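Undergrad: My questions all concern the structure below.
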Amino acid sequence: MTTSELWTRATADRYDAEETEMSSAAVLGPTLDFLAEAADEGPALEFAIGTGRVGVPLRERGVPVAGIELSEHMAAVLRRKVDEKTLPVVIGDMATTVVPGEFSLVYLVYNTITNLLTQDEQVECFRNAARHLRPGGRFLIELGVPPLRFLPPGQVAVPFDVSERHLGFDTFDLVEQILVSHHFTRADDGHYRRDNSRHRYAWPAELDLMARIAGLQLERRVADWDGAPFTQDSVKHISVWRKPS
């Protein structure tokens, strides 16, 4: 068991309803295009596959997909959408769990590597990805760039969403590279639900070193699924490392 926090049944049951924007055609279309191209007609393995927001439609595109998921509750929601034979899922953590077979693509989207709260565990996640890749295969991560430029001296919080039904802000421990995402979500009855989750943020250069430790080489880094160039002003990145042939 890693330091990742377990998603509860209540969180899993409402996850899809609260992530409608991330499941929209505008978001998923470019995501699936990018992943299908990276898979290069081979099988793909999704770390932290969750409710199958990405894995299920990628499988429907014809890419064979398997998954690893720590939360049995999240996997149960996925299983309502597709059976085990069509999209097999192993319950376990993404740093150590092994799935049978070799893959042309291992991918980890939506900032999920930050669920591993220590650098050692994140290094092991890269090693685990490399363990599953066939020669020439790719490991892909989608991850936000830590927004520390928004922190003036003495401030520890940065808002990331201020909307009618949701207030979200991150607080930072700059020594341990830990951020806590705080969410206040308004229900239909007007009451607010408070949630928070811990994450270990990492810089692109730090991930490149983790990849090198795992025997992987940086192949490509872009700012989004549409392939826009990654610059110093980019708020996130899609990074792809390749296992030597």
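The values are calculated or read from the model by the stated rules, or taken from the named source; none is laboratory data. Here the structure is a predicted model, which means the values were calculated and not measured. Reconstructed Cβ throughout: ideal geometry from the backbone, glycine too, with neighbour counts over all protein chains shown. Ligands, DNA and RNA are excluded from the accessible area calculation, which covers all protein heavy atoms including side chains. Shrake-Rupley method; radii C 1.70, N 1.55, O 1.52, S 1.80 Å.
Undergrad: Given all pairs of different Cα atoms, what value in angstroms does the Kirkwood hydrodynamic radius of the chain take? Walk me through the numbers before you get to the answer.
TA: Values: mean 1/r = 0.0538 Å⁻¹.
Over the chain, the inverse of the mean reciprocal pair distance is 18.6 Å.
Undergrad: Would you mind counting up the charge near Gln119? Only other residues with Cβ under 9 Å from its Cβ, with Lys and Arg at +1 and Asp and Glu at -1.
TA: Cβ neighbours under 9 Å give a net charge of -2.
Undergrad: Moving on to the next point. When the accessible area of the chain is computed with all protein chains present and a 1.4 Å probe, what percentage of it is carbon and sulfur?
TA: The nonpolar share, carbon plus sulfur, comes to 54 percent.
Undergrad: Here's something else I'd like to know. Specify, per residue and in Å³, the volume enclosed by the convex hull of the alpha carbon atoms belonging to region 131-230. Don't jump to the answer; show the numbers that get you there.
TA: Values: hull volume 17.3 nm³, N = 100.
Per residue, the Cα convex hull of region 131-230 comes to 173 Å³.
Undergrad: I've got another one for you. Which order do Arg127, Arg221 take when ranked by solvent-accessible area (1.4 Å probe, heavy atoms of all protein chains), largest first?
TA: Arg127, Arg221
Undergrad: Given contacts defined as C-alpha pairs under 8 Å and at least six residues apart, what's the relative contact order of region 1-131, whole-number percent?
TA: On the way: 186 pairs, mean separation 38.0, N = 131.
Value for region 1-131: 29 percent.
Undergrad: Normalised by the number of residues in region 12-75, what is the relative contact order in percent for Cα pairs under 8 Å and 6+ residues apart? Walk me through the numbers before you get to the answer.
TA: Values: 66 pairs, mean separation 22.7, N = 64.
Relative contact order of region 12-75: 36 percent.
Undergrad: I need the shape label for region 1-111. Rule: rounded when a/c is under 1.5, else prolate if a/b > b/c, else oblate, with a, b, c from the alpha carbon gyration tensor.
TA: It is oblate, given that a/c is not under 1.5 and a/b is not larger than b/c.
Undergrad: Additional query: Can you tell which of Thr97, Thr231, Thr118 shows the greatest fluctuation in a Gaussian network model of the chain with Cα springs below 10 Å?
TA: Thr231
Undergrad: Please compute the contact order of region 124-245 in relative form: average sequence separation of alpha-carbon pairs under 8 Å and at least six residues apart, divided by the residue count, as a percent.
TA: 30
Undergrad: Along the positive direction of the dipole of region 48-98 (beta-carbon charges: Lys, Arg +1; Asp, Glu -1; about the Cα centre), which of Ile91, Pro57, Met74 reaches farthest?
TA: Value computed over the given set: Pro57.
Undergrad: While we're on this one: Can you give the direction-averaged projected area of the convex hull of the alpha-carbon atoms in region 94-170, in nm²?
TA: 7.4
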